[in-house]
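So the structure is just underneath, and the comments pick up after that.
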Amino acid sequence: MPLQTFRYAACGGGNTLLDITIFVIVNDLILHQQPFHINSHLVISPYIAAFLVSFCFTFPIGFYLSRYVVFQGSTSAKKEQLVKYFGVVMFCLVLNYGFMKFFVEVVRWDAKFAKVVTTFFLIIFSYFSQKYFTFKPEDGTNEID
């Protein structure tokens with residue numbers, strides 16, 4: 001296994017574990033699987049609120065791990081990488097939302113199981129997006145020595 005792939009798996013796995021842990025804590029222990037009322041007109045499903053809270057923690061952690069541990073060979077400016085990373089993550093956020101809504105409301109899966117399945121698909125997409133887009137070294141290589 002290439003070192004970069006190992007580092008992605010280790011860092012991404014840790015961040016994913018943190019994501020799922022925060023999701024379960026917010027969904028089950030804080031919101032008790034009840035809708036989150038922002039005001040009298042705006043209500044968010046508990047699993048969507050939980051995944052938004054977990055995102056607030058895992059986004060910055062994921063960026064720093066990707067930049068400084070996984071994709072060290074990238075020489076692009078930090079701001080450029082952050083903008084690209086944010087774009088990929090926002091697309092993943094949309095996919096996450098869509099998959100979660102589909103799996104929970106259409107397929108009728110448990111929210112925790114839907115979160116795990118959704119995360120599996122997004123990990124694969126995210127790895128290739130980050131490797132070939134966000135953190136692609138300017139010399140065209142994608143592996144570190």
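Being farther than 26 Å from Val88 by Cβ and either of a type in the set (Lys, Arg) or surrounded by fewer than 18 Cβ atoms within 10 Å (Cβ to Cβ) (or both) is the filter here, so list the residues in region 37-71 that pass it.
His37, Ile38, Asn39, Ser40, His41, Leu42, Val43
Need at least 1 residues that are on the phi > 0 side of the Ramachandran plot and either hydroxyl-bearing (Ser, Thr, Tyr) or at pLDDT 95 or above (or both) per element, so show me which helices (runs of 4 or more DSSP H) inside region 46-145 make the cut, counting only ones lying wholly within it.
Correct list: empty, since no element meets the threshold.
Report yes if Phe63 is among the aromatic types (Phe, Trp, Tyr) and more than 20 Å from Ile44 (Cβ to Cβ), otherwise no.
yes
For the list (1) over 20 Å from Ile123 (Cβ atoms); (2) within 21 Å of the chain's Cα centre (by Cα); (3) outside any helix (DSSP H, G or I), I need the number of the one condition that Gln33 fails.
For Gln33, the failing item is (2).
The values are calculated or read from the model by the stated rules, or taken from the named source; none is laboratory data. The shown structure was predicted, so the numbers you read here are calculated from the model rather than taken from an experiment. As a convention, Cβ positions derive from the backbone with ideal geometry for all residues, glycine included, and neighbour counts pool all protein chains shown.
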